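The values are calculated or read from the model by the stated rules, or taken from the named source; none is laboratory data. Being a predicted model, the structure only gives us computed values, none of them experimental. In this analysis, Cβ positions are derived from the backbone assuming ideal geometry, glycine residues included, and neighbour counts consider all displayed protein chains. Note: accessible area is taken over every heavy atom of the protein model, side chains too, but ligands, DNA and RNA are not part of it. Shrake-Rupley method; radii C 1.70, N 1.55, O 1.52, S 1.80 Å.
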Amino acid sequence: MSVMNLVVKFQQYFFLLVAFLLGSLAPLYGNVFNFVLLAFMMVLFGINGKEMLQNLRGVRWYIRINVAFLIYFSLHTLVVLLKDEPIAPPSFGTFEVLLLNFILVPMYVSTFKNWITPELLKRFLFFFCLGCVLLNIYIFFSLTGTQLFSAPADTLSWIYNMRFGVNRDVLGSKFWLEIQAMIIAIASLASYLLVISVKGWKMKVFCGFMFLMLVLFLSFTVTKSSILGFLTGFLILNVCLFRKFSLRMRYGLIAGLLVCVCGFSLLTDLAMYEKRIQEIEAEIQSVRSGEYRGATIVPRVAFIRESFRHLDEFSVWGLGVCTKHRIKAWYESSDLNIANYNNVNNAFLQYWITGGIFGLALVLFLFVAPVYRMIRRKKFSSLIFAMLIVFFTVSNTCVTLSWANSRLFMLLFLAMFCFYGDLFVRLEDFSEDKSVFDESSI
């Protein structure tokens, strides 16, 4: 085997390792994982720098937009520091995040170009789902111990009431519930497509098991945004795929969905969901009455309203490195009962406040670019649409692109959607040769 073939094999194995880590350890140690990618990119550049630069030229328009924002942010910071009295104390550490995530991640994704195939992409999704399942099994048993085997009903009721442990330390790192739920929702959609696309009953059963486990874990979180995003994406995925199915596959899909609905109606704690609905109704009424009391809808609405009271401060240029302390001052002086919270809970608004119209444009670009590429090429992937809906929904309820345990994960998938949309489309082409989707390919 030649040296170049060894390099390609190494890249492919690292690609699959990254997939597994994205579902398991990478969300827990996002900043550390940045340096793993950086080390890999340096090794790859030393081995085959010419090919790497060629691949980068093919996606230079995507990376240039991120670089342009970094340059703007640098100039903005320089202006702030040269002022005698900045609007709030500067908070640093932002440049490393932009450099290691918004530039490094798309550069890494561009290296797939010469060797990624639908088969490898399917294996990537498989290992990503596997990592997510294993991590959440660990979390479940770390919370409940062996009580599931001695008192299953009480254990499930407790885990729903605890909302899967809410925000907690996992393996020495803080894991936010919203991010955990978002990753589970993405993995659920991916595993569902694998159930349909793989050949061989063993792999179908295993992927089906992963799908059921992931949906069950998602229900444990009782997280509205991720569950709503998953249900919407799941509906779109089924509507789009249903049109491509044979009559036999359609009957099988309907039967499988009925079994899932019946099974989860028995396992899901519906009383907890009814309680959450009542809480939401009460909080909506609280907002209407101007009291702003609650911890779900209320703080999110209050964050947005309080931020827009200061629109003149950030609407064009943004607050830059002063964002953190300035937002904190807004909330502490607010009459909307949000002093105990420390973020705006909206990724789009967060980047608008930080980078002005340039920051908002950057985040919108990340979401719009994959859709634009699909429209331009007239090749549409329902899986990409479904996952984008999850990302978009959750990003409107928390600052997904500001947290280390979600930023890298999202940017990698968004870049893959944009660069390799055609391969996602081919995953949904069930007329392809069986060898692409047989169980031996996993």
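Figures for the structure shown
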quantity: Tensor-based shape of segment 27-162 (alpha-carbon gyration tensor, a/c under 1.5 rounded, otherwise prolate or oblate); calculated: oblate
quantity: Per residue value of the accessible surface for the chain (all protein chains in place, 1.4 Å probe), Å²; calculated: 46
quantity: FRET efficiency for ILE357 and LEU75, using Cβ-Cβ distance with R0 set to 22 Å, rounded to 0.05; calculated: 0.90
quantity: Nearest-0.05 FRET efficiency for ILE137 and ARG168, computed from C-beta distance (R0 25 Å); calculated: 0.95
quantity: Estimated FRET transfer efficiency (LEU258, ASP429; beta-carbon r; R0 22 Å; 0.05); calculated: 0.25
quantity: Inter-label distance for LEU99 and ALA271, nm, one decimal - labels placed 7 Å from Cα along Cα-to-Cβ; calculated: 5.5
quantity: Residue pairs, from the table LYS244/LYS378; LYS244/LYS379; LYS275/LYS328, whose Cα atoms sit over 21 Å apart; calculated: LYS275/LYS328
quantity: Most mobile listed residue (GLU279, GLU306, GLU85) in the chain, GNM with C-alpha springs under 10 Å; calculated: GLU85
quantity: GNM flexibility winner over the chain from LEU98, LEU241, LEU75 (Cα, springs under 10 Å); calculated: LEU75
quantity: For segment 107-114, Karplus couplings with θ = phi - 60° (6.51, -1.76, 1.60), whole Hz, Gly/Pro x; calculated: 5, 5, 4, 5, 6, 6, 3, 7
quantity: Accessible surface of segment 293-390 [probe 1.4 Å, protein heavy atoms]: carbon and sulfur percent; calculated: 58
quantity: Separation of the ASP422 and LEU364 label points, Cα + 7 Å toward Cβ, nm; calculated: 3.0
quantity: Accessible carbon and sulfur surface of segment 1-62 relative to its total accessible area, %, 1.4 Å; calculated: 72
quantity: Where labels lie 7 Å past Cα in the beta-carbon direction, separation of SER157 and VAL205 in nm; calculated: 3.4
quantity: Highest-fluctuation residue, ILE71, ILE280, ILE254 considered, GNM on the chain with Cα pairs under 10 Å; calculated: ILE254
quantity: At least 27 Å along the helix axis (C-alpha) and Kyte average at least 0.5, DSSP helices within the chain; calculated: 3-23, 30-58, 60-82, 118-144, 177-197, 201-221, 247-267, 347-377
quantity: Rounded to the nearest 20 debye, dipole of the chain from Cβ charges on Lys, Arg, Asp, Glu; calculated: 1280
